[in-house]
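I have placed the structure first, in the form of structure tokens, so that the comments after it can refer back to it.
The values are calculated or read from the model by the stated rules, or taken from the named source; none is laboratory data. The structure displayed is predicted, hence computed values, not measured ones. For neighbour counting, all protein chains shown are included, and Cβ atoms are generated from backbone atoms with ideal geometry for every residue, glycine included. These area figures cover heavy atoms from the full protein model, side chains too; ligands, DNA and RNA do not enter into them. Shrake-Rupley method; radii C 1.70, N 1.55, O 1.52, S 1.80 Å.
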Amino acid sequence: KGGDIYYFGVCKGGTISRLAIADVTGHGEAVSEISQYVYDTLKAHMWAPDSRVILGKVNQLIYNQNLDAMTTAAVVAYYRETGKATISYAGHPPILFRRKGEKTWSYARRASSNILNDPIALNIPLAVEMDARYEEFTISMTSGDRLFVYTDGIIDTPNPNGERFGLGRLKQILDENASVSLPKIKSAVLNSLNNFAKCELFHDDVTLIALEIC
């Protein structure tokens, strides 16, 4: 029970896999009711044909509930037949990916955006503006490629001096463990967070998902 939620599903034919991750502002039991509503709404729209439509519909429904539910989110769809993955963000930190055989991870980011030239807010967190719109971009992926999806409880982990763990440290840990198994990646990240924080991770809900394309 907390502010982080995720959904993973595969279509009946096994050709499309979808993953959504979201982080409702706040953490723990205090936001569990809101996060359950966000999860139910997200799940109900996960099989819309376009990730932009999923985020747009969910944004409108949450916004109209007048809840204190500002939520960052990311939606990934992998199409097995084409070897393409589409990604959409709603104010969420960037997913990382690593191609098979490469020694480093990369940030999954759109090459360019027309956000500065568009009067309508783009890619902002859910439940902030009713008419917000969301972009989608595509990356090529094949068997053996990996994705690392997470919430900002990871990169916002503070040390005793108030310094954040940050994206740079996360990528460094992933690079140092590029070829290990997925469970070992999870352990490496969590161990690094605990060593950095020097205490239990009470600051926020923390979610991480490591995937490999089969």
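Answer yes or no: is there a residue in segment 72-94 that is among the hydroxyl-bearing types (S, T, Y), open to solvent by 40 Å² or more (accessible area, probe 1.4 Å), farther than 15 Å from I21 by Cβ and over 19 Å from the mean Cα position of the chain (by Cα).
First pass over segment 72-94, keeping only residues among the hydroxyl-bearing types (S, T, Y): 72, 78-79, 82, 86, 88-89.
Now restrict to residues that are open to solvent by 40 Å² or more (accessible area, probe 1.4 Å): 79, 82.
Filter once more, keeping what is farther than 15 Å from I21 by Cβ: 79, 82.
Imposing the further condition that a residue be over 19 Å from the mean Cα position of the chain (by Cα) reduces the set to 82.
For segment 72-94, residues among the hydroxyl-bearing types (S, T, Y), open to solvent by 40 Å² or more (accessible area, probe 1.4 Å), farther than 15 Å from I21 by Cβ and over 19 Å from the mean Cα position of the chain (by Cα): present.
Conditions first: (1) over 22 Å from E135 (Cβ atoms); (2) open to solvent by less than 30 Å² (accessible area, probe 1.4 Å). K43 passes all but one, so which condition is the exception?
Evaluating K43 over (1) over 22 Å from E135 (Cβ atoms); (2) open to solvent by less than 30 Å² (accessible area, probe 1.4 Å) leaves (2) as the failure.
Somewhere in segment 8-18, is a residue open to solvent by less than 20 Å² (accessible area, probe 1.4 Å) and either at pLDDT 95 or above or part of a strand (DSSP E or B) (or both)?
Kept after step one, since they are open to solvent by less than 20 Å² (accessible area, probe 1.4 Å), are these residues of segment 8-18: 9, 18.
Remaining after also requiring either at pLDDT 95 or above or part of a strand (DSSP E or B) (or both): 9, 18.
Yes.
Looking at A85, A22, A74, A90, which is the one that is outside any loop (DSSP other than H, G, I, E, B), in contact (Cβ under 8 Å) with a residue 12 or more places away in the chain and farther than 18 Å from T151 by Cβ? Reasoning before the result, please.
Numbers: A22 fails: farther than 18 Å from T151 by Cβ; A74 fails: farther than 18 Å from T151 by Cβ; A90 fails: farther than 18 Å from T151 by Cβ.
On inspection, the qualifying residue turns out to be A85.
Which residues, counting only those in segment 154-168, are over 18 Å from F97 (Cβ atoms) and touching a residue at least 12 places away in the same chain (Cβ under 8 Å)? Working first, answer last.
Kept after step one, since they are over 18 Å from F97 (Cβ atoms), are these residues of segment 154-168: 156-166.
Correct list: D156, T157, P158, N159, P160, F165.
For residues in segment 203-214 being in a loop (DSSP other than H, G, I, E, B) and closer than 20 Å to T72 by Cα, which is nearest to the chain's Cα centre (by Cα)? Step through it out loud before you land on a result.
So the first thing to find is which residues in segment 203-214 are in a loop (DSSP other than H, G, I, E, B), and the list is 203-207, 213-214.
Filter again for closer than 20 Å to T72 by Cα, leaving 203-207.
Numbers: H203: 19, D204: 15, D205: 13, V206: 12, T207: 9 Å.
By that ranking, first place goes to T207.
Of the residues in segment 170-187, how many are buried (at least 16 other Cβ atoms within 10 Å of the Cβ) and free of Cβ contacts under 8 Å to residues at least 24 places away in the same chain?
2
Please go through segment 119-164 and pick out each residue that is touching a helix residue (DSSP H, G or I) at 6+ places or on another chain (Cβ under 9 Å) and part of a strand (DSSP E or B).
Once the filter is applied, which keeps residues that are touching a helix residue (DSSP H, G or I) at 6+ places or on another chain (Cβ under 9 Å) and part of a strand (DSSP E or B), segment 119-164 yields L122, L126, R133, R146, F148, Y150, P158, R164.
Pick from L190, L167: which is surrounded by fewer than 17 Cβ atoms within 10 Å (Cβ to Cβ), among the hydrophobic types (A, V, I, L, M, F, W, C), within 15 Å of the chain's Cα centre (by Cα) and not in a strand (DSSP E or B)? Reasoning before the result, please.
Values: L190 fails: within 15 Å of the chain's Cα centre (by Cα).
The match here is L167.
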